[in-house]
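Trainee: Below is one structure. I have some questions about it.
The values are calculated or read from the model by the stated rules, or taken from the named source; none is laboratory data. Remember, it's a predicted structure, so these values are computed and weren't measured experimentally. All Cβ positions, even for glycine, are placed from backbone atoms using ideal geometry, and neighbour counts span all protein chains on display. What goes into the accessible areas is simple: the full protein's heavy atoms, side chains included, and nothing from ligands, DNA or RNA. Shrake-Rupley method; radii C 1.70, N 1.55, O 1.52, S 1.80 Å.
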Amino acid sequence: MAPSHALRCCKRALNWIPVLFINLVVAWSYYAYVVELCVYTIPNDAERISYLVIFHIFFAMFIWSYWKTIWSKPASPSIAFALPQAEKDLYEKEQRAEVQQEILKKAARNVPVYTRTAGGAIRYCDFCQVIKPDRCHHCSTCEMCVLKMDHHCPWVNNCVGFSNYKFFILFLAYATLYCVVICATVVQYFIKFWTKELPDTHAKFHILFLFFVAALFFISIVSLYSYHMWLVGKNRTTIEAFRAPVFANGPDKNGFSLGFKRNVAEVFGEQAKYWIFPVFSSQGDGHSFVTRLVHIDPEQANSILQQNGKIPVDGETNLCVVPDDEPHTEDNCKNKPDGGQIVTVTMDTEP
């Protein structure tokens with residue numbers, strides 16, 4: 001037991017090395033920009049002050065979103081997804097897989113679970129001993145099931161999922177802007193040092209290296225940021241991009257896509273004023289998600305929409321399923337009763 005525990009502690013300590021590396025690079029970039037560039041190199045006070053103000057705005061937002069991504073604990077399934085004690089005992093004693101599945105199917109009727117394994121079985125985690133909610137996966141590094149798991153990121157030493165996916169997106173966005181600000185403001189002094197218009201001083205190395213590092217990080221981060229924004233627009237996680245979620249009628253890579261606007265709102269929320277700040281504003285509870293409702297009856301669909309906060313519990317709602325290539329107009333929805341609330345569900349029609 002002791003060697004295993006010591007090995008686990010060493011592994012956890014090593015997992016912080018990438019985070020330490022990023023923080024050292026950021027700390028050095030702060031020193032190089034503020035001290036070597038603004039204090040020792042820029043001669044004009046107005047230019048120096050304007051650069052410092054702009055730099056610190058993006059630096060603060062970058063650090064805020066980065067540390068929120070690191071320290072936001074991954075959300076795990078609630079106790080409602082655990083097997084009742086009687087069913088749990090039966091499941092553990094049973095050796096036949098088909099009988100175990102019958103036990104899981106019976107328990108799954110009480111929770112909003114619609115995705116299955118590739119073989120059509122109920123998704124169950126033997127480590128956490130819970131029925132996996134839709135889009136939930138077990139992370140071997142964090143040793144827990146994570147709601148709407150996207151991936152485990154070594155650069156933040158944390159799982160990126162329902163609780164911090166918005167923070168992760170903002171971290172990539174502000175990291176990109178941080179690099180852009182550095183490159184845009186340093187480039188003229190980079191050129192002057194490179195062409196020897198400025199004398200060789202101790203600031204030369206810092207400024208030349210600062211520009212190169214910022215440019216390299218920009219190239220790598222902007223591609224990752226673009227990819228994740230594409231995932232947001234499609235309402236997919238990284239895991240779902242490589243392996244389509246499986247529903248009762250088979251795999252469907254667009255199973256959770258509700259159209260670009262609603263997809264973005266699921267991650268960033270309905271109120272645009274919160275989008276640029278790393279404060280939690282994502283929709284739902286991470287346990288259930290609105291699907292395209294292609295294979296769900298209207299009564300069941302209303303229940304799911306209510307669970308996700310899309311409609312009031314006591315509100316009358318009519319579903320209007322509109323293909324993505326058709327205009328979202330009232331003419332698409334037939335037999336609309338007066339006074340009823342219409343919830344338009346966009347169907348992504350790409351192959």
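Trainee: Which condition number in (1) touching a helix residue (DSSP H, G or I) at 6+ places or on another chain (Cβ under 6 Å); (2) within 30 Å of Arg48 (Cα to Cα); (3) of a type outside the set (D, E, K, R) is the one that Asn235 fails?
Mentor: Failed condition: (2).
Trainee: A further question follows. Could you check region 83-106 and list, in sequence order, the residues that are buried (at least 17 other Cβ atoms within 10 Å of the Cβ) and within 25 Å of Ser140 (Cα to Cα)?
Mentor: Those that are buried (at least 17 other Cβ atoms within 10 Å of the Cβ) and within 25 Å of Ser140 (Cα to Cα): Leu83, Tyr91, Gln100, Gln101, Leu104.
Trainee: Residue check, Arg123 against (1) open to solvent by 20 Å² or more (accessible area, probe 1.4 Å); (2) farther than 25 Å from Asn249 by Cα, all met but one. Which one?
Mentor: Only one criterion is unmet by Arg123, namely (2).
Trainee: What number of residues within region 146-160 are crowded, with 23+ Cβ neighbours inside 10 Å and out of contact with any helix residue (DSSP H, G or I) (no Cβ under 9 Å at 6 or more places or on another chain)?
Mentor: Adding up the residues that qualify gives 3.
Trainee: Let me ask something additional. Take the conditions modelled with pLDDT under 95 and assigned by the TED database to the domain that holds Ala184 and apply them to Thr41. Does it pass?
Mentor: yes
Trainee: OK, next. Filter region 15-35 for residues that are more than 27 Å from Arg48 (Cβ to Cβ) and open to solvent by 90 Å² or more (accessible area, probe 1.4 Å) and give the result.
Mentor: Trp16, Ile17, Leu20, Phe21, listed by residue number.
Trainee: Would you pick out the residues in region 61-82 that are open to solvent by 50 Å² or more (accessible area, probe 1.4 Å) and closer than 11 Å to Phe171 by Cα?
Mentor: Selection gives Trp64, Trp67, Lys68.
Trainee: Checking Tyr124 against (1) at pLDDT 95 or above; (2) in contact with a Gly (Cβ under 9 Å, 6 or more places away or on another chain); (3) not β-branched (Val, Ile, Thr), which single condition isn't satisfied?
Mentor: Evaluating Tyr124 over (1) at pLDDT 95 or above; (2) in contact with a Gly (Cβ under 9 Å, 6 or more places away or on another chain); (3) not β-branched (Val, Ile, Thr) leaves (2) as the failure.
Trainee: State all residues of region 36-45 that are of a type in the set (Asp, Glu) and open to solvent by 80 Å² or more (accessible area, probe 1.4 Å); if no residue qualifies, say none.
Mentor: Asp45
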